[in-house]
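Participant: One structure, as C-alpha cells, below. Some questions next.
The values are calculated or read from the model by the stated rules, or taken from the named source; none is laboratory data. No experiment lies behind these values; they were computed from the predicted model shown. Here the Cβ is made from the backbone with ideal geometry for all residues, glycine too, and neighbour counts use every protein chain on show. Heavy atoms of the whole protein, side chains included, go into the accessibility calculation; ligands, DNA and RNA do not. Shrake-Rupley method; radii C 1.70, N 1.55, O 1.52, S 1.80 Å.
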Amino acid sequence: MKNNVEILEIARQTLQTEAEGIRSISRNLNADFSEIVHQILYLKARVIITGIGKSAIIAQKIVSTFNSTGTPAIFMHAADAIHGDLGMIQQNDLVICISKSGNTPEIKILVPLLKQGGNKLVAMAGDKHSFLAKQADWLLDTTIDHEACPHNLAPTTSTTAQLAMGDALAVCLLECREFSSADFAKYHPGGSLGKRLYLTVGDLSAQNEKSFVSSNATVKEVIIEITRNRLGAVAVVDEGKLNGIITDGDIRRMLNNNSTIDGLTAANIMTKSPKYIDKNELAVNALEILRVNNITQILVGTESKFEGFIHLHDLLKEGII
C-alpha cells in the first residue's frame, strides 16, 4: 500500500508526463493543421469524427465541442461503420479518423471505403508512419513518447494528446468564425451556463414585487411594506423618480440610533443615490455588483424610472451563482 507522499508523487508524475505529451504535439504542429482548419471552415457539409476503443470516446467529446462552438459534427464508431453506419457519410463530408497506432484492423478496412467514396480524410494518429497516416489527406500528429501508465500500456498520455488536439481545432475554428458569447448562448440555452449568457435582469425582476413608498411615508408604513414584499428592502420613489432605498438593515440602524420613531419618514432613513441596474443588463452583471458592494438586493431601472428589484436569492434560484 502506498503512503500519502508516494500517492501524491505518482499523481504529479502522471500530470507531468501528460503535460509533456501536449508540449510534444504542440511542437509537431505544421501546415497540415492550418489547412485542416481552412477545409472545415469552408466545408459545405459536415465533419464526421470516428475512432475505436478509447479513441472513440475522445472522438465523441470532440464532436460535442465542435457542435457547441458552431461546427456541425457527427460521431461514427469505426467498428459500426463497417457494419452499416458508413451510410451516414454524405458525399462532401470531411472525416477525421482518430487512432493511436493507426494500424488497427477496423481502421484498415474503413479507410479504403472512405477513399472509395471520395471523402477527404484527416488522420489524428500517434504514428506518422502508420497505415492511417499514409492514407490520409492531412495528418494531425499526436505522437507521444510514453503513456503515463507505468507499463506504457493504458491509453493515458495518448488520449490526453488527442483530446488537446481536438480542443486546439475547435478553438481555432471558433476564433476564425468570430464566434461570440451570444452565439455560444444559442447552443447552450439550458443549465446555469446558458442562463449566464442570456438571462437578463428584467427576466428576474419581473417575478418580484415592484415595491416602493414615497419619501414622506411613515416608518410604520415602510416596515409594513418591507415585511409584505419579503425582499428585505423597499424603494423610495416620488413622481416616478427614484430617490433612495431602505433596507431592513437601515431599519435596524434607525431603531438603534433613535429613542423614538415619531416624526421620522422614509426620507430620514433612506440611503440616497442607491445602486441600480438597467433591466436589459445580463443577470450575471447584477451578481457582480452585489458581490463588489456586499449587498443582497439591487434596484432595477434608472434614476428617473423605478422598475423593480433583483435579489441575491433570485440568482441562486436560477443557478447563476
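Participant: Can you give me the number of residues within the stretch 233-267 that are open to solvent by 30 Å² or more (accessible area, probe 1.4 Å), of a type outside the set (Lys, Arg) and in contact (Cβ under 8 Å) with a residue 24 or more places away in the chain?
Facilitator: 7
Participant: Now for a different question. Suppose the filter is in contact (Cβ under 8 Å) with a residue 40 or more places away in the chain, among the β-branched types (Val, Ile, Thr) and more than 25 Å from THR218 (Cβ to Cβ); does ILE320 pass it?
Facilitator: When the stated conditions are applied, ILE320 passes them.
Participant: Can you report the number of residues in the stretch 1-46 which are among the hydrophobic types (A, V, I, L, M, F, W, C), open to solvent by 70 Å² or more (accessible area, probe 1.4 Å) and within 27 Å of the chain's Cα centre (by Cα)?
Facilitator: Number satisfying all stated conditions: 2.
Participant: Still on this model: Among the helices (runs of 4 or more DSSP H) confined wholly to the stretch 175-220, which include 3 or more residues that are open to solvent by less than 80 Å² (accessible area, probe 1.4 Å) and at pLDDT 85 or above?
Facilitator: Ranges flagged: 201-205.
Participant: Do we find a residue being under 19 Å from THR302 (Cβ atoms), in contact with a Leu (Cβ under 9 Å, 6 or more places away or on another chain) and aliphatic (A, V, I, L, M) anywhere in the stretch 199-218?
Facilitator: The answer is yes; a qualifying residue exists.
Participant: Looking only at the stretch 65-112, filter to residues that are out of contact with any strand residue (DSSP E or B) (no Cβ under 8 Å at 6 or more places or on another chain) and of a type in the set (S, T, N, Q); which one of those is nearest to LYS128 (Cα to Cα)?
Facilitator: ASN103
Participant: Can we say ALA123 is at pLDDT 95 or above and either buried (at least 19 other Cβ atoms within 10 Å of the Cβ) or touching a Gly at 6+ places or on another chain (Cβ under 7 Å) (or both)?
Facilitator: So ALA123 passes the test.
Participant: Something else: Considering the stretch 75-95 alone, what residues qualify as being in a strand (DSSP E or B) and either among the β-branched types (Val, Ile, Thr) or surrounded by fewer than 16 Cβ atoms within 10 Å (Cβ to Cβ) (or both)?
Facilitator: Selection gives VAL95 alone.
Participant: Let me ask you something else. Of all residues in the stretch 221-273, how many are part of a loop (DSSP other than H, G, I, E, B), within 39 Å of the chain's Cα centre (by Cα) and at pLDDT 85 or above?
Facilitator: Here the count works out to 1.
Participant: Restricting to the stretch 1-37, name every residue that is assigned to a helix (DSSP H, G or I), modelled with pLDDT under 95 and of a type in the set (S, T, N, Q).
Facilitator: Across the stretch 1-37, the qualifying residue is only ASN4.
Participant: Within the stretch 281-293, does at least one residue satisfy the condition of being touching a residue at least 60 places away in the same chain (Cβ under 8 Å) and in a strand (DSSP E or B)?
Facilitator: Looking through the stretch 281-293, at least one residue is touching a residue at least 60 places away in the same chain (Cβ under 8 Å) and in a strand (DSSP E or B).
Participant: Only residues in the stretch 141-154 that are closer than 27 Å to ASP32 by Cβ count as the first member; pair them with residues that are open to solvent by 90 Å² or more (accessible area, probe 1.4 Å) and part of a loop (DSSP other than H, G, I, E, B), Cβ under 9 angstrom, at least 6 apart or cross-chain, and list the lot.
Facilitator: Close Cβ pairs satisfying both conditions: ASP141/LYS128; THR143/LYS128; GLU147/LEU153.
Participant: Here is a list of conditions, (1) at pLDDT 90 or above; (2) open to solvent by 50 Å² or more (accessible area, probe 1.4 Å); (3) of a type in the set (A, V, I, L, M, F, W, C), and VAL300 meets all of them except one; can you say which number that is?
Facilitator: (2)
Participant: For the stretch 278-289, name all the residues that are buried (at least 18 other Cβ atoms within 10 Å of the Cβ) and more than 22 Å from the chain's Cα centre (by Cα).
Facilitator: Hit for the stretch 278-289 is LYS279, nothing else.
Participant: I'm told ILE310 meets every condition in (1) modelled with pLDDT under 85; (2) open to solvent by less than 50 Å² (accessible area, probe 1.4 Å); (3) within 29 Å of the chain's Cα centre (by Cα) except one. Can you identify the failing condition by its number?
Facilitator: Every listed condition holds for ILE310 apart from (1).
Participant: When you check LEU139 against the structure, is it open to solvent by 10 Å² or more (accessible area, probe 1.4 Å), under 16 Å from ALA31 (Cα atoms), at pLDDT 95 or above and out of contact with any Gly (no Cβ under 8 Å at 6 or more places or on another chain), yes or no?
Facilitator: yes
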